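Enquirer: I have a structure I would like to understand better, so I am pasting it below and will then ask my questions one at a time.
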Amino acid sequence: MDVIPVELGGRSYDVTIEAGLLNRLSAVASGYLPSADQAIPFVADRNTHERYSQAVSASFDAVGRKLEWFIVEPGEGAKTWPVLEKLTDWLLALGVTRGDHVFALGGGVVGDLTGFACAILKRGCGFVQIPTTLLAQVDSSVGGKTAINTGAGKNLIGAFHQPSAVLIDPLTLDTLPDREMGAGYAEVLKYGLLGDADFFAWLEANGSKVIAREPAALTHAIATSIRAKARIVAEDERELSGRRALLNLGHTFGHALEAETGFSQELLHGEGVALGMVLAARYSARRGHLDDGDAERTACAIAQVGLRSEITQLSLSCSGAKLVDHMRHDKKMEGGTLPFLLLNAVGDAFLARDVKLDDVTAFLDEQLACNNQAEF
Ligand code: GLY
């Protein structure tokens, strides 16, 4: 068992990683249960509910506790005002009070939705994250970012609201589709690339074991990622100093690609981040910050686990200008400029505030042209 503290003064909490944890959840979560006469509120998506509700319910049955489930459809469609309204109404009807905890069992969608509902319910009640995807385990469940989407964009309505605990059972990844495993792996690699060259090198050597869910490698990758995230969040909980912004490495380029592909199954978020990290590395090399060799090393580390590392692998028919137009709607735009995460070296990211979007357009045109040539 690994226990990783997230040090945030009065909002501190632990992330617990333990294979088989779900089967003994009633014991692990005993500090977060409402009074004995009350049902325990669980939020899950339909798939996660089908997969784990029996094991979870059995664990609580054994100690005489009853669960109530709020089940949402899988996918981003659950991060909307109507679902949020239904969820908060359901929590109010259950009589959840400020001192109570709601359990979020699932991927990032369930965690973000439940966390935001708990941020606003009676001006804030507790919640416990039980992430069941690699991406949620190493990123979204830790750090307190909660949100829903609106017509104007993703995650535009939300709050910082820290969970009281994050409980991770790596065995849940055994049934995760391989494609989602790869998407989560991109976020793991991100921690190496942004601040830990040794971890990056370890992933170059052991990435395939992580993807294959070899227990020791998988737990090491999850725990190292969470330690890195916990350190950064403790330094800059509300993304004010620029430190937490490092976690957005690859996200600006990646988000533009996600927008161009319509936030569809063509490109999962983590897959966009993977391509975005390659573009950030190559753009860093173009500006003279990073060796060309390290930019290509980044592309290789992504390609070697089967993730797409070239934009030609997407069926895009757009210009650099079109991709940059998507960036102009980024919520990080400030006074007409967009801060970019770039690299000085593998393991050394920095926030550049002097990037000209025209230069990014020219770079993306080169990448698109270079990829087009590669196809002939
Ligand atoms: N996923 C980026 C962050 O938590 O800040």
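Quick note: the coordinates plus some simple rules give every number you see, no bench work behind them. Predicted model, so just to flag it, every value in this text is computed and none were measured. FYI the Cβ positions are ideal-geometry reconstructions off the backbone, even for glycines, and counts take in every protein chain you see.
Enquirer: How tilted is helix 108-120 with respect to the longest principal axis of the chain? Cα atoms for both, answer in degrees (0 to 90, nearest 10).
Expert: 60 degrees
Enquirer: Between residue 319 and residue 120, with labels modelled 7 Å along Cα→Cβ, what's the label distance in nm to one decimal, could you check?
Expert: So the label points at residue 319 and residue 120 sit 4.0 nm apart.
Enquirer: Students often check this: by mean Cβ neighbours within 10 Å, which of 226-237, 38-49 ranks highest, and how do the rest follow?
Expert: On the way: 226-237: 19.2, 38-49: 21.2.
In descending order of packing, they fall as 38-49, 226-237.
Enquirer: Same structure again: Quote to one decimal, in nm, the extra length available between residue 344 and residue 236 on full extension: 0.36 nm per residue of separation minus the C-alpha distance between them. Numbers along the way, then the final one.
Expert: Values: separation 108, 0.36 × 108 = 38.88 nm, distance 2.14 nm.
Computed gain between residue 344 and residue 236 is 36.7 nm.
Enquirer: If you don't mind, another one. Would you look at the GNM of the chain, springs on alpha carbons closer than 10 Å, and say which of 158, 95, 272 moves the most?
Expert: With Cα springs under 10 Å in the chain, the top fluctuation among 158, 95, 272 is at 95.
Enquirer: Compute the distance from the alpha-carbon center of segment 282-354 to that of segment 250-269, in whole Å.
Expert: That distance is 13 Å.
Enquirer: Count the net charge of all other residues whose Cβ sits under 12 Å from the Cβ of residue 323, scoring Lys and Arg as +1 and Asp and Glu as -1.
Expert: -3
Enquirer: How far, in nm, would the chain grow between residue 46 and residue 205 when pulled straight, counting 0.36 nm per residue and subtracting the alpha carbon separation?
Expert: 53.6 nm
Enquirer: Let me ask something else. Roughly what % of DSSP beta bridges within the chain run antiparallel, to the nearest 5?
Expert: Rounded to the nearest five, the antiparallel share is 45 percent.
Enquirer: Same structure, new question: Where does the chain land at 222 nm, in deg cm²/dmol rounded to the nearest 500, when only DSSP H runs of n ≥ 4 count, each adding -39500 (n - 2.57), divided by all residues?
Expert: After summing the helix terms and dividing by the residues of the chain, the value is -14500 deg cm²/dmol.
Enquirer: For the chain, what relative contact order do you get, as a whole percent, if you take Cα pairs closer than 8 Å and at least 6 residues apart?
Expert: Details: 689 pairs, mean separation 51.6, N = 376.
Averaging sequence separation for qualifying contacts and normalising by length gives 14 percent for the chain.
Enquirer: Whole Å is fine, so just give me how far the alpha carbon centre of segment 185-211 lies from that of segment 62-124.
Expert: 33 Å
Enquirer: A follow-up question, please. For the chain, find the longest principal axis of its Cα atoms and tell me its angle to the long axis of helix 46-61, 0 to 90°, nearest 10.
Expert: 40 degrees
Enquirer: Past 28 Å, Cα to Cα: identify those pairs from 79/122; 86/154; 154/209; 209/332, in the order given.
Expert: 154/209; 209/332
Enquirer: Measure out, as a whole number of angstrom, how far apart the alpha-carbon centroids of segment 10-34 and segment 147-177 sit.
Expert: 17 Å
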